[in-house]
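S.K.: Encoded as structure tokens, here's the structure I'll be asking about.
The values are calculated or read from the model by the stated rules, or taken from the named source; none is laboratory data. Owing to the predicted nature of the structure, the values given are computational and were not obtained by experimental measurement. Glycine also receives a Cβ, built like all others from the backbone with ideal geometry; neighbour counts cover every protein chain displayed.
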Amino acid sequence: MAAYFVQRLLAVIPVMAVVVTVVFLLIHLIPGDPVSVMLGPDASPAQIEATRRALGLDRPLHEQLFRFYSRVVRGDLGQSYFLDRPVLTAIVERAEPTLVLTFSALLVAVAIGVPAGIVAAAHRGSAWDRLLMLGALLGVCIPGFWLSLNFIYLFAVRLGWLPAAGYTSIMVDPVAAGRYMVLPALSLGFNQSALIARISRSCMLEALHQDYVRTARAKGLSQRAVVYGHAFRNALVPVVTVVGITMAILIGGAVVTEIVFNIPGLGRLIISAILRRDYPVVQGVVLITAAAYVMINLTIDLLYAFIDPRIRYG
Amino acid sequence: MVPVITRRSIVVAAAFLVGMLVPVLAFAQTKGGVLRVGNLGEPPALDAHWTTASITETLTNHIYEGLYSLDASNRPIPMLAEGHTVSKDGLTYTFKLRQGIKFHNGKEMGSDDVVASLTRWGKQSIYGKALFAQVAEMRALDRYTVEFKLKEKSAIVLISLAVPNNFGAIYPKEIAEKFPPEVKVTEYVGTGPFRLAEWKPDQYIRMVRFDDYKSRGEKPNGYGGGKTAYLDEIRWIPVPEVATRVAQVETGELEFADDLNLDAYDRLKKNPHVQTIVSKPYYWLVAVFNKKEGLMTNQKLRQAWQAALDIEPIMKNVAGGHSEFYRMDSSLAPVEISTWHTKLGGLPWNERNKDKAKRLLQEAGYKREPIRFMTTQEYKWMYDFALLTKQQLEDVGFSIDLQVVDWATLVKRRNNSKEYDVFTTGMGAFYDPTHHIYLTPSWPGWTTDEGIAKLQAELARETDPKKRMALWEQQTRQFYEKVPVIRYGDLFGLRAMRTTVKGFNDKTERIRFYNVWLEK
Amino acid sequence: MADAAVREVGTSTAESGVLGTVERAGQAGRLPSHTVRRLLRNRNVVIGGLTLIVFVAAALFANTISTHDPTRLEPARRLQAPSAAHYLGTDEFGRDVWSLVVHGSRVSLVVGLATMVLTSLAGVVIGVVAGYYRRIDLVLMRVMDGLMAFPAILLAIALMAARGPGVWNVIMALSVVYTPRTAMLIRSTVLSVRELDYVEAARALGRRDAGIAARHIVPSCVAPLLVQGSFIFAYAILAEAILGFLGVGVPPYVPSWGNVIASGKNVMREAFWVSLFPGLALTIAGLSLNLVGDGLRDTLDPRLAHSER
């Protein structure tokens, strides 16, 4: 068990190395001189030289890469040009809204998807099943950003039930925070809920076909007990994996949702940084989100190993 | 003798008391509250000397002040100055400063702060540079007196010190000297009725009431006069999506929303909690040519562009189909700047002459090379008129390479003569002929034409108003012949505020929130 | 947004199921005819396929089906509701929405197809090399893992920011984002096929690696590639629309579904049709590709075919 843990932990290192390298390369993909793009041609040659030296762009590439690595490992993600503060600080300031949004969307996705999938599986072949799965198929294909626009139009502008955009921190005013989060979480979580519904359904179906379930039925247990008592628990295991992957997709989807709903999170930060050519911030956000994904995956894998002994020794 | 409290005296006393209360009751301004204002985005800087950007202008005019300001007729009136005297030969200006003016950090404003600030402004700001080109020397005579010695007679001293855009804000000497002119200040200390409390980029800028603000005694007058900060706080919230800004003022999440799209006018009018404001003028639309290098150095090509345009359908589209939101006018100063508004005829403006355009293209020797036309979607109307222009021009034989970038990139790129041929922007109102930045060689586009430069210099020197107007009309004719930029029409702006916002002056070009209060 | 992550490596049922077909396919060298017939009988493939053909036809014959030039601005006719003259109404510049949607399918399909082809090619090359050569495999797989750690849209946005707007940059960016998934799928296919008897036999007979790869391994990849490809097609179309909507995709005046939705968002109240129809087109296109992908997987993956749909 411990061996697996250690092995899995060590496997993270090369992945993160690749991540850091890709992030480093981003700035060098820019055609032309990144520094003058950053500072603008009205910057004096002295300023450009100073910035170039500060960024270490005057050194050979491999040396730059090495310095980038050592900075990142120490937690120094550089300085934002527009915001006049360390990139890490800017990220920490904006992390809360994105985290709240992502978790709320995850909640929505699971709360809608899992029951839908289980119900569909339990009533396989029925009209309910077909309806739910049709809905799930549609849900997978509807573009999230388009859904956001329609939600705003319907619920905020036309009906006036919810605010059109904006954000309040939970710590400041939980009720208002909740109201602001409903539409964003719904539109972001909707796609994922459909996916989770389909997966829950097939996992559930598979579990229902297992021998022990047939045994339970033969023993005379009610459908209910069979479904919720036995199959449910086993079906849930792969769903946990899906949750991890869902997180990564949600983090990406959060970018668009934050723009549409004017939420001051990491998604808004990266788009503004791109518009302002504030490359250190772009690099920092991409790096942090990739690192978060890797960590989440690691956690899920370790959890999975904990639950399912086959993995550990497989 | 014992004073008798007669019935009469009681009545008199009561009347006296009521008389004192009436002004208070009649106005019923309530102190307090937070005003949430939704604007386009982040300002590039909160340093008034550093940029001409409108967002910076609006924000900095709440926390800083200059020696002069503009009244309701757009004429200079004293603000931080008490007044001025001019020597007989017109070459020496002596300014007396108001006393007891406190900066936000507690320091009292003195002449050394003024000299340091205006020196910095004179090196960086367009208007500052234009003024200081005529200034031989500026110095502090005593604690509350500053003297300007001019090289030649000037018509523009007061007006330059009074314009709100890129203005001569008075900073404490220590700050003005600490930050060289090209470097934005990062410490924000002024004398204004509000002070900067917090700036969280992309989230909000919070300004709170400055309790030690010393207001002028007069009534509010245009941008100047008395200023009272009734509000506890102004919270400027960047909301880049215009549809969101509109929605948020409709639902009450914002008390004020600026720079709205004109399509929203009809439905905002119907909302009982919202008051719409049409601001005139707002911007007049221009396409600025790169006259330093590239295709558009060719005057005939520029004239061809001017001849080809049918401006009205473009303006109407940009104005969301509403004719009350635009105005066709060839004058370089809008109607609202009555002193400089011209009504000249026979100008080659809005000629809609496709044949003339085609002929000019031929004469120019144009071989359908693509013309790099830079615009942005962040100011929607810029993108709109660029796209419509592209179609009209291509119909007569131009080849236009439309490059859509973000505003920050456009502002940076327009300083580089290798990067573009034309770019879009909007001009706010200029209060003096010498302030028309597109007629100067230092502003992007680089208008270096000798004829234009000569007239600008004369305008700076000539003090007789009638003669100045004649020069200005001459300059206008020359403008349409040499075509340094293309002037489209005047666009009006749409703002919206909740009906709880009171005291707002809707006659000024840009928004100000001193003298504004929130009704409970 | 649905993601192939779940359907690929990691979901053991999918893997082994596909391999069942692979074994049979490997023997024949191509997809057996009864499989093709089964494909055509699968309801999802038929419905999805037909819808897709409609879109392709629309893209190919865009100029014929359009009623107006989609780039022609007609300011006098802005924001008109759907009518006989303009089937889907007009946008804020008076452009015909029907023509915009029809021409927008071109950008979407080109981007989707090109991305699918590029990722398949790159995925096969990387996956086969990785599956064959142990040492390179270690390095390659770490790189793929690293690339997959980035949320797809975020990486695409960052790449577009670095390279600038344009159709080709979009295709390149999306290909970089989606290739790792395909590469890993091919790799596991290759790994399984390598161990099969007839391949061992061929090697024992002295056949060269490249020959074995071409004759036995690559054909076995066809089925998983097709399945994966349809889903990548769908993601690429959606990703292009998102990039367009955010303003970092193709230039805003080029007709694309994302651009039209973006231009319509400011006038949702006054003219909901501008954002509505391209959004519907996007949904239906994605739907058709997902149906095809599902159907292909069900048909080419007999084990899953037994558990109900």
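S.K.: Report those helices (runs of 4 or more DSSP H) wholly inside region A:205-314 carrying at least 3 residues which are modelled with pLDDT of 80 or more.
M.R.: Hits in region A:205-314: A:232-261, A:266-275, A:279-307.
S.K.: A follow-up question, please. Is it the case, given these coordinates, that B:Ala169 is within 26 Å of the chain's Cα centre (by Cα) and surrounded by fewer than 23 Cβ atoms within 10 Å (Cβ to Cβ)?
M.R.: The answer is no for B:Ala169.
S.K.: At the interface with another protein chain (Cβ under 9 Å from one of its Cβ atoms) and either in a helix (DSSP H, G or I) or under 28 Å from the mean Cα position of the chain (by Cα) (or both): is that true of A:Val172 in this structure? Steps first, answer last, please.
M.R.: Details: at the interface with another protein chain (Cβ under 9 Å from one of its Cβ atoms): no; either in a helix (DSSP H, G or I) or under 28 Å from the mean Cα position of the chain (by Cα) (or both): yes.
Judged against the criteria, A:Val172 is not a match.
S.K.: One residue is enough: does region C:247-256 have a residue meeting the conditions touching a His at 6+ places or on another chain (Cβ under 7 Å), surrounded by 22 or more Cβ atoms within 10 Å (Cβ to Cβ), more than 7 Å from every other protein chain (Cβ to nearest Cβ) and not acidic (Asp, Glu)?
M.R.: yes
S.K.: Go through region A:153-179 and report how many residues are in contact with a helix residue (DSSP H, G or I) (Cβ under 8 Å, 6 or more places away or on another chain) and closer than 21 Å to C:Arg269 by Cβ.
M.R.: 10
S.K.: Spot the failing condition for A:Tyr167; the list is (1) crowded, with 17+ Cβ neighbours inside 10 Å; (2) not in a loop (DSSP other than H, G, I, E, B), and only one is missed.
M.R.: (2)
S.K.: Further, regarding this structure: Quick one: in region B:495-520, of everything that is in contact with a His (Cβ under 9 Å, 6 or more places away or on another chain) and within 21 Å of B:Ala429 (Cα to Cα), which residue is surrounded by the fewest Cβ atoms within 10 Å (Cβ to Cβ)?
M.R.: Selected residue: B:Arg512.
S.K.: Still on this structure, I have one more. So which residues in region B:355-389 are under 35 Å from the mean Cα position of the chain (by Cα), more than 14 Å from every other protein chain (Cβ to nearest Cβ) and assigned to a helix (DSSP H, G or I), if there are any at all?
M.R.: Within region B:355-389, B:Ala357 is the sole residue that qualifies.
S.K.: Something else about it: Residue check, B:Leu471 against (1) more than 30 Å from B:Arg372 (Cβ to Cβ); (2) surrounded by fewer than 22 Cβ atoms within 10 Å (Cβ to Cβ); (3) within 23 Å of the chain's Cα centre (by Cα), all met but one. Which one?
M.R.: Unmet condition: (3).
S.K.: So, in region B:411-423, how many residues would count as being surrounded by 21 or more Cβ atoms within 10 Å (Cβ to Cβ) and within 17 Å of the chain's Cα centre (by Cα)?
M.R.: The number of residues fulfilling the criteria is 0.
S.K.: If a residue must be more than 22 Å from A:Val23 (Cβ to Cβ) and without any contact (Cβ under 8 Å) to a residue 12 or more places away in the chain, how many such residues does region C:139-183 contain?
M.R.: Of the residues in that region, 1 qualify.
S.K.: Would region A:85-100 turn up any residue that is surrounded by fewer than 16 Cβ atoms within 10 Å (Cβ to Cβ), over 26 Å from the mean Cα position of the chain (by Cα) and outside any helix (DSSP H, G or I)?
M.R.: Within region A:85-100, not a single residue is surrounded by fewer than 16 Cβ atoms within 10 Å (Cβ to Cβ), over 26 Å from the mean Cα position of the chain (by Cα) and outside any helix (DSSP H, G or I).
S.K.: Looking at region C:91-117 only, could you name the residues that are over 25 Å from B:Phe385 (Cα atoms) and either among the charged types (D, E, K, R) or surrounded by fewer than 24 Cβ atoms within 10 Å (Cβ to Cβ) (or both)?
M.R.: C:Arg106, C:Leu109, C:Val110, C:Leu113, C:Ala114, C:Val117
S.K.: Select, from B:Thr145, B:Thr85, B:Thr92, B:Thr191, the only residue that is within 27 Å of B:Asp212 (Cα to Cα) and surrounded by fewer than 18 Cβ atoms within 10 Å (Cβ to Cβ).
M.R.: B:Thr145
S.K.: Counting just the residues of region C:65-102 that are in contact with a Leu (Cβ under 9 Å, 6 or more places away or on another chain) and among the aromatic types (Phe, Trp, Tyr), which one comes out modelled with the highest pLDDT?
M.R.: So the residue we want is C:Trp98.
Quick grid of which residues meet (1) assigned to a loop (DSSP other than H, G, I, E, B); (2) away from chain B (no Cβ under 14 Å); (3) of a type in the set (Lys, Arg):
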residue: C:Thr35; (1), (2), (3): no, yes, no
residue: C:Val46; (1), (2), (3): no, yes, no
residue: C:Leu52; (1), (2), (3): no, yes, no
residue: C:Thr64; (1), (2), (3): no, yes, no
residue: C:Thr67; (1), (2), (3): yes, yes, no
residue: C:Phe93; (1), (2), (3): yes, no, no
residue: C:Val101; (1), (2), (3): no, yes, no
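S.K.: Testing B:Thr276 on (1) over 21 Å from B:Thr508 (Cα atoms); (2) surrounded by fewer than 23 Cβ atoms within 10 Å (Cβ to Cβ), one condition comes back false. Which one is that?
M.R.: Result: B:Thr276 fails condition (1) only.
S.K.: If you go through region A:141-159 one residue at a time, how many are within 9 Å of chain C (Cβ to nearest Cβ), modelled with pLDDT of 85 or more and not in a loop (DSSP other than H, G, I, E, B)?
M.R.: Summing the residues that are within 9 Å of chain C (Cβ to nearest Cβ), modelled with pLDDT of 85 or more and not in a loop (DSSP other than H, G, I, E, B) in region A:141-159 gives 8.
S.K.: For B:Glu177, all conditions in the list (1) buried (at least 19 other Cβ atoms within 10 Å of the Cβ); (2) over 24 Å from A:Arg85 (Cβ atoms); (3) among the acidic types (Asp, Glu) hold save one; what is the number of the exception?
M.R.: So the condition that B:Glu177 fails would be (1).
S.K.: Just for strands (runs of 3 or more DSSP E) wholly inside region B:175-281: which have at least 3 residues that are within 13 Å of another protein chain (Cβ to nearest Cβ) and closer than 25 Å to B:Trp50 by Cα?
M.R.: In region B:175-281, the matching strands (runs of 3 or more DSSP E) lie at B:194-200, B:233-238.
S.K.: Related question: Quick test for you: out of C:Ile261, C:Ile237, C:Ile232, C:Ile242, pick the one residue that is crowded, with 24+ Cβ neighbours inside 10 Å, within 14 Å of chain B (Cβ to nearest Cβ) and in contact with a helix residue (DSSP H, G or I) (Cβ under 7 Å, 6 or more places away or on another chain).
M.R.: When all the criteria are applied, what remains is C:Ile261.
S.K.: For residues that are polar (S, T, N, Q) and under 17 Å from the mean Cα position of the chain (by Cα), scanning just region A:101-140, find the one that is farthest from the other protein chains (Cβ to nearest Cβ).
M.R.: Looking only at region A:101-140, we keep the residues that are polar (S, T, N, Q), and these are A:102, A:104, A:126.
With under 17 Å from the mean Cα position of the chain (by Cα) added as a condition, the list becomes A:102, A:104.
Numbers: A:Thr102: 11, A:Ser104: 17 Å.
Only one residue tops the list, namely A:Ser104.
S.K.: I would also like to ask the following. State whether the residues of region A:115-130 include one that is touching a Pro at 6+ places or on another chain (Cβ under 8 Å) and touching a residue at least 12 places away in the same chain (Cβ under 8 Å).
M.R.: No, because not a single residue in region A:115-130 is touching a Pro at 6+ places or on another chain (Cβ under 8 Å) and touching a residue at least 12 places away in the same chain (Cβ under 8 Å).
S.K.: Which residue, of C:Val292, C:Val274, is modelled with pLDDT of 90 or more and more than 24 Å from the chain's Cα centre (by Cα)?
M.R.: After applying the criteria, what remains is C:Val274.
S.K.: So A:Phe145 ticks every box in (1) in contact (Cβ under 8 Å) with a residue 40 or more places away in the chain; (2) farther than 27 Å from A:Val242 by Cα but one. Which box is left unticked?
M.R.: For A:Phe145, the failing item is (2).
S.K.: Right, next: Scan region B:444-471 residue by residue and report those that are under 20 Å from B:Val135 (Cβ atoms) and either in a loop (DSSP other than H, G, I, E, B) or free of Cβ contacts under 8 Å to residues at least 24 places away in the same chain (or both).
M.R.: B:Ala453, B:Gln456, B:Ala457, B:Glu458, B:Glu462, B:Thr463 - these are the residues of region B:444-471 that are under 20 Å from B:Val135 (Cβ atoms) and either in a loop (DSSP other than H, G, I, E, B) or free of Cβ contacts under 8 Å to residues at least 24 places away in the same chain (or both).
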